[in-house]
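Colleague: Okay, here's the structure, questions in a sec.
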Amino acid sequence: MIQEIDEITKEIEKYADKIEDKTFLITGGAGFIGSWFCDTILSLNGKVICVDNFISGSKKNIEHLQRNKRFKLIKKDFCTLKFNKKVDYVIHMASIASPPLYQLHPLQTLDIGYIGTKNALSIAVKNKANFLFTSTSEVYGNPPDDQVPTKEDYYGYVNSFGERSMYDESKRVSEAMIYSFIKKYPSIKFRIARIFNTYGPRLDQDASQYGRVLIKFVQQALFNQPITVYGDGKQTRSFCYITDQIIGLSKLLLEDDLPFNIFNIGNDKETSILELARLVKELTKSKSEIILNAKPNYDIKDDPRRRCPDISRARKYLGFNPKINLNEGLKRVIEWYKKH
Ligand SMILES: NC(=O)c1ccc[n+]([C@@H]2O[C@H](COP(=O)([O-])OP(=O)(O)OC[C@H]3O[C@@H](n4cnc5c(N)ncnc54)[C@H](O)[C@@H]3O)[C@@H](O)[C@H]2O)c1
């Protein structure tokens, strides 16, 4: 994992003086992406206050940081936390992002998107701190083919009343709230990353029974269990390796002047779920059988058929250029999974 941190810090070194000795509040910092963000900030001599209630995060993600004097963990629900510390940056990542888990906790998912985002924004305003929110490609819902790759100005085709709506709408209301804060507090920098599927070591570390598709396939393949594809497997996703994602998020937070608040951050190589299953099987040399239509009540209506970002805005204004392809990233995840 030192390799990953080196790869990230090399790309964002030019922002080092904006990080050194500055305090970053990171909600959801014990989660997959959050913990990598904590590592990055600490490795460039910043200070981190991580707030997490561990609903989907893991102690294992941050245990190596516990003795670092620049790292402080507050184990609380961010929706009810009274926070009075001084901070320079607010990164609001807390969320319940895995579909089976947010379906299990629909109200908590909505709360963190409404109450949590409002609290995070108020802290940013009080401290005049730069603010970054991790939104999602799910705000685009199920776009038609002519909107894929999807640009930031697409409004979305989203169901507000269904199996995924607690997550999608929690992010959409967060974005609406940020819009209102931008109008009210024009001197503060508010940035929104619409993240597309991101993977890497630590993904769903303690929540493997609720794990997202890529880690579920790796787990099934390594145990030679059937690889269970929902539907026909022709639905697509675009998988971004964690180092690329953290580089994109850091640039978005730390770049001075940007003409937009919202940026897609992800990898723009589209892959079908069946291709993913085959690649995982090949790389793990697994004996697993790939089973199509493995979920009888699979909700084809709301599961996006295609998911691929147009990242030309991030390329142009952030110099964002994802480097790790799926083959390479999967090899790294498989190695990590075997070790852990
Ligand atoms: N990984 C992806 O592919 C992806 C894609 C799109 C968007 N995102 C967004 O990026 C962010 C990080 O996602 P991730 O993949 O690391 O997920 P994750 O589940 O690993 O991390 C989210 C963290 O938030 C914490 N959390 C949830 N509710 C909380 C609350 N009320 N109070 C305090 N902590 C709380 C969880 O315990 C967890 O540690 C999320 O906002 C997610 O919506 C991720």
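The values are calculated or read from the model by the stated rules, or taken from the named source; none is laboratory data. All values reported here derive from a predicted model rather than from experimental measurement. Cβ: placed from backbone, ideal geometry, glycine included. Neighbour counts: every protein chain shown.
Colleague: Can you pull out every residue in segment 85-96 that is within 19 Å of ALA30 (Cβ to Cβ) and either away from the ligand (no atom under 13 Å from the Cβ) or free of Cβ contacts under 8 Å to residues at least 24 places away in the same chain (or both)?
Modeller: Scanning segment 85-96 gives LYS85, VAL87, TYR89, VAL90.
Colleague: Give me a count of the residues in segment 124-148 that are in contact (Cβ under 8 Å) with a residue 24 or more places away in the chain and within 24 Å of LEU253 (Cα to Cα). So that I can check it myself, show each step before the final result.
Modeller: From segment 124-148, those in contact (Cβ under 8 Å) with a residue 24 or more places away in the chain are 124-125, 127-143, 145, 148; that's our starting set.
Within this subset, residues satisfying the condition of being within 24 Å of LEU253 (Cα to Cα) are 124-125, 127-140.
Selection size over segment 124-148: 16.
Colleague: Let me ask another. Return the total of residues in segment 1-43 being modelled with pLDDT of 95 or more, part of a loop (DSSP other than H, G, I, E, B), surrounded by 14 or more Cβ atoms within 10 Å (Cβ to Cβ) and away from the ligand (no atom under 15 Å from the Cβ).
Modeller: Total satisfying the criteria: 1.
Colleague: For residues that are more than 23 Å from GLU335 (Cα to Cα) and part of a loop (DSSP other than H, G, I, E, B), tally how many sit in segment 266-314.
Modeller: Number of matching residues: 20.
Colleague: Can you find even one residue in segment 73-81 that is buried (at least 18 other Cβ atoms within 10 Å of the Cβ) and under 30 Å from ILE311 (Cα atoms)?
Modeller: Within segment 73-81, none of the residues are buried (at least 18 other Cβ atoms within 10 Å of the Cβ) and under 30 Å from ILE311 (Cα atoms).
Colleague: In segment 44-66, which residue that is in a loop (DSSP other than H, G, I, E, B) and of a type outside the set (Gly, Ala, Ser) is surrounded by the fewest Cβ atoms within 10 Å (Cβ to Cβ)?
Modeller: Step by step, filter segment 44-66, then rank; the result is GLN66.
Colleague: Residue check: is THR117 among the hydroxyl-bearing types (Ser, Thr, Tyr), crowded, with 20+ Cβ neighbours inside 10 Å and more than 30 Å from GLN235 (Cα to Cα)?
Modeller: yes
Colleague: Could you list, ordered by first residue, the pairs with Cβ atoms under 6 Å in which the first is in segment 18-47 and in contact (Cβ under 8 Å) with a residue 40 or more places away in the chain and the second is away from the ligand (no atom under 12 Å from the Cβ) and in a loop (DSSP other than H, G, I, E, B), at least 6 apart or interchain?
Modeller: Within 6 Å, the pairs are ILE19/LEU44; ILE19/GLY46; LYS22/GLY46; LYS22/ASP88; THR23/VAL87; THR23/ASP88; PHE24/GLY46; LEU25/VAL87.
Colleague: Does segment 216-251 hold any residues that are closer than 17 Å to SER98 by Cα, of a type in the set (A, V, I, L, M) and surrounded by fewer than 23 Cβ atoms within 10 Å (Cβ to Cβ), and which are they?
Modeller: none
Colleague: Can you name the residue in segment 120-137 that is assigned to a helix (DSSP H, G or I) and in contact with a strand residue (DSSP E or B) (Cβ under 8 Å, 6 or more places away or on another chain) and, of all such residues, is surrounded by the fewest Cβ atoms within 10 Å (Cβ to Cβ)?
Modeller: Only one residue tops the list, namely ASN127.
Colleague: Pick from segment 96-114 the residues that are among the hydrophobic types (A, V, I, L, M, F, W, C) and outside any helix (DSSP H, G or I): which of them is surrounded by the most Cβ atoms within 10 Å (Cβ to Cβ)?
Modeller: Taking segment 96-114 first, the residues among the hydrophobic types (A, V, I, L, M, F, W, C) are 96-97, 101, 104, 107, 110, 112.
Imposing the further condition that a residue be outside any helix (DSSP H, G or I) reduces the set to 96-97.
Numbers: ILE96: 26, ALA97: 23.
Checking each candidate, the answer is ILE96.
Colleague: Go through segment 97-117 and report how many residues are within 7 Å of the ligand (Cβ to nearest atom) and more than 19 Å from LEU132 (Cβ to Cβ).
Modeller: Final tally of qualifying residues: 3.
Colleague: Next question. How about segment 150-263: which helices (runs of 4 or more DSSP H) wholly inside it have at least 2 residues that are of a type outside the set (A, V, I, L, M) and within 13 Å of the ligand (Cβ to nearest atom)?
Modeller: Details: elements: 165-184, 213-222, 242-254.
Qualifying helices (runs of 4 or more DSSP H): 165-184, 242-254.
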